[in-house]
Amino acid sequence: MSLLECLIGISLSIGVIAPVLQSGSHLLIQQTKLEQAWLAEQDAARVLEIMSRAIRMAGYREIASLADYRLAINHTKAPYSSPYLGLEHRRGWNHSDLLWVKHEPAGLLDSDCMGNTVSASQPVARTQGGLRHQRFFVQSVPGQTYGSLMCATLDRQGRLHHASLMQHIESLRFEQSHHSRNAANPGIWIHLRTSAARMPAREFSRFVAFRNHP
């Protein structure tokens, strides 16, 4: 076989293989995007559940008597304006909102946004004034165009400790239902939007009803 024939054969082979390689590369890119989207959905579902659990716990009080029950009713008629739950709009990175909640410890199954549980030997650990504290907000990431969803809670010494729950966040918004669409069912809408720095921006939303609301 002459050199010319070899070159012709190689050219023909490349012509046949190139579309296959291009198609395989395209499929790999699409698979990577799908995996990233799936991971983003899983992360969003996880952090939405963490924030939902905190909102449902807002205003929880251990009821041991009729007097305790009446006091709890007086304090939880409107949790969104009570000392147990508060919203600070446009206080975080990229004008995101900040949510904080407080509640009494609810036993050994009670865990905060970092997964810390109450110790049987130290039932008042991770509390201030007998209350557990949690905060959720978005903080900037140095050198990046996206933010980090942060959770703050109390350590064993009662000091506020921060940790990141999810990266690639564009914004976090909270909407009180007594101002909008669910007036008959008091609660809060959570709107979490991911950043286009990772993939096309997407918003994840969830409505959380107040559990400790009479």
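FYI, it's all coordinate maths here, none of it is from the lab. Everything quoted here is computed from the prediction, not taken from an experiment. Neighbour counts are summed over all protein chains in view; Cβ atoms, including those assigned to glycine, are modelled from backbone coordinates with ideal geometry.
Apply 1/(1 + (r/R0)^6) to the Cβ-Cβ distance of Arg211 and His191, taking R0 = 22 Å, and write down the FRET efficiency to the nearest 0.05. Show your work: numbers first, answer last.
Details: r = 20 Å, r/R0 = 0.93.
For R0 = 22 Å, the calculated efficiency reads 0.60.
How much length is gained on full extension from Ala201 to Ile63, taking 0.36 nm per residue of separation minus their Cα-Cα distance?
On the way: separation 138, 0.36 × 138 = 49.68 nm, distance 4.43 nm.
Gain on extension, Ala201 to Ile63, equals 45.3 nm.
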